[in-house]
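Only one structure is covered here, and it is reproduced in the block below.
The values are calculated or read from the model by the stated rules, or taken from the named source; none is laboratory data. Because the structure is a prediction, the values reported are computed rather than measured. Every residue, glycine among them, receives a Cβ derived from its backbone with ideal geometry; neighbour counts consider all protein chains shown.
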Amino acid sequence: MPEKESSVPPDAPTRRGLLGLVGAGVAGLAIGGVGGAGIASVLAKGAAADDAAADSDDGIVTFYGAHQAGITTPAQDRLHFASFRMVEGATRDDLIALFKDWTAAAAKLTRGEELGSGLEPDNSYLPPDDTGEAEGLHAGHLTLTFGLGHALFVGEDGTTDPFGIKHQLPKQFEPLPNFAFDLLEGTQSGGDLCVQACADDPQIAVHAIRNLSRIAIGRAHLVWSQLGFGRTSSTSRSQDTPRNLFGFKDGTMNIMSEETKALSQHVWVGDNAPEWLRGGSYLVARKILMTLESWDRSSLREQERVFGRTKRSGAPLSGGAEFDQPDFSAQQQSGDPAIDVAAHVRLAHPDNNEGTRILRRGYNFVDGSNPLGQMGGGLFFISFQSDPAAFVRVQKSLKPDLLNEYIRHVGSGLWAVPGGVKKGEFLAQALFE
């Protein structure tokens, strides 16, 4: 069904979104005469936002564009990733209203602006529209990247059409299969919607997810999230290659934002997809727990054999420098391969995956420690690809990977990332037209 035109500006929260901002405990005040002036102020300020002026400010990554930000954007150092589920009984109109409200909020948050009436509402008997913990921190290169889960189109049982968008499901969008050695936990997997918040400051990223969660009240709720620090890959040639918690350089051969042709081929969805997804991508998230204590007892020789690279420089064991192509035919004096047949770099390399490439954008994480004193740390792996089959192809190749002895996959998710948002439109608008 086509969506009816709305008289509410795209940058203005919907009535239900306003109730999410105010909170269920005082919703009655907003509906009655006491909160009317506050709501009018929120709408006025939302509609009057000046995007063009803000986009030129330092530290701002514009929310609008042909593609969503947070994919080829130079990877920031901090992450707050969140997964949401629609509440039981939520309707198509609820989903549309949520996307409109999230769009309006994202445009402001990425400019470093306060939401609604900010920290100080006109009516002091109402809670502030903005939680306030990012006050004074500015934009911090915040990017917000939104994704849609498979169940949003066909329900949890895979056969229903809860929001009237089943006919818009791309044929490539199938749930990920079970992979060897998966130990997935339901509490850290899946979701109808996801939001990837990346920023220079962790408080900016947390502030964004916190406020988007408040706005979603009554329509969607947060089901799991993950904090990340220390990017584990570069998305621009201007960035140095970072290291993961195993101490090795990670993502050396990643697709870079400067590789326009590779992005078109491997990352961006083309014209063969529904209009709402064109210029978008598919986001895979995998929470990978590292058995750090076992790794730390391994010799340097063993660690380098596992990765197929030297630990200090990141150069392939076949010789050369970090960014030199590995020579998989090179041999040691003993006649054994210079790069082990089960080394990570060999199994993941495009040459051994029919030319498949993905854009990696992961982060380190530490979730405390267990009673045995073992650190709960690892890699929150994120990748973008034009077809989920690309990730599946590479992941299946890693079945004999030597690295599997030291890692456990405990969380997983796949989301379709709509194309970028134009000013005056809202997230995934073409999905409902």
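Out of the residues in the stretch 174-196 meeting the condition of being hydrophobic (A, V, I, L, M, F, W, C) and under 25 Å from ILE407 (Cβ atoms), tell me which one is surrounded by the fewest Cβ atoms within 10 Å (Cβ to Cβ).
LEU183
Residue by residue, here is whether (1) among the aromatic types (Phe, Trp, Tyr); (2) more than 25 Å from THR110 (Cα to Cα); (3) at pLDDT 95 or above holds:
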position	(1), (2), (3)
ALA197	no, no, yes
LEU212	no, no, yes
SER236	no, no, no
ASP250	no, yes, no
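For the stretch 212-248, name all the residues that are crowded, with 21+ Cβ neighbours inside 10 Å, part of a loop (DSSP other than H, G, I, E, B) and among the basic types (Lys, Arg).
Of everything in the stretch 212-248, just one residue is crowded, with 21+ Cβ neighbours inside 10 Å, part of a loop (DSSP other than H, G, I, E, B) and among the basic types (Lys, Arg), namely ARG219.
Take the residues of the stretch 167-211 that are assigned to a strand (DSSP E or B) and not acidic (Asp, Glu): which is farthest from the chain's Cα centre (by Cα)?
So the residue we want is ALA199.
Quick check: anything in the stretch 112-127 outside any helix (DSSP H, G or I), crowded, with 19+ Cβ neighbours inside 10 Å, under 21 Å from the mean Cα position of the chain (by Cα) and modelled with pLDDT of 95 or more?
Scanning the stretch 112-127, I find at least one residue that is outside any helix (DSSP H, G or I), crowded, with 19+ Cβ neighbours inside 10 Å, under 21 Å from the mean Cα position of the chain (by Cα) and modelled with pLDDT of 95 or more, so the answer is yes.
Given ALA52, ALA30, ALA12, which one is in contact with a helix residue (DSSP H, G or I) (Cβ under 6 Å, 6 or more places away or on another chain), more than 21 Å from ALA208 (Cβ to Cβ) and modelled with pLDDT under 95?
ALA30
Is at least one residue of the stretch 325-334 assigned to a loop (DSSP other than H, G, I, E, B), more than 29 Å from GLY230 (Cβ to Cβ), touching a residue at least 40 places away in the same chain (Cβ under 8 Å) and of a type in the set (Phe, Trp, Tyr)?
No.
Confirm whether LEU372 is surrounded by fewer than 20 Cβ atoms within 10 Å (Cβ to Cβ) and over 30 Å from PRO162 (Cα atoms).
So LEU372 passes the test.
Rundown of residues vs (1) surrounded by fewer than 19 Cβ atoms within 10 Å (Cβ to Cβ); (2) touching a residue at least 60 places away in the same chain (Cβ under 8 Å); (3) touching a Leu at 6+ places or on another chain (Cβ under 7 Å), yes/no style:
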{"site": "ASP250", "(1), (2), (3)": "no, yes, no"}
{"site": "ILE255", "(1), (2), (3)": "no, yes, yes"}
{"site": "LYS261", "(1), (2), (3)": "yes, no, no"}
{"site": "GLU275", "(1), (2), (3)": "yes, yes, no"}
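Of the numbered conditions (1) touching a Pro at 6+ places or on another chain (Cβ under 9 Å); (2) surrounded by fewer than 18 Cβ atoms within 10 Å (Cβ to Cβ); (3) among the charged types (D, E, K, R), ARG312 fails exactly one; give the number of that condition.
Every listed condition holds for ARG312 apart from (1).
For SER294, only one of the following conditions fails: (1) of a type in the set (S, T, N, Q); (2) more than 30 Å from VAL195 (Cα to Cα); (3) surrounded by 18 or more Cβ atoms within 10 Å (Cβ to Cβ). What is its number?
The failed condition is (3).
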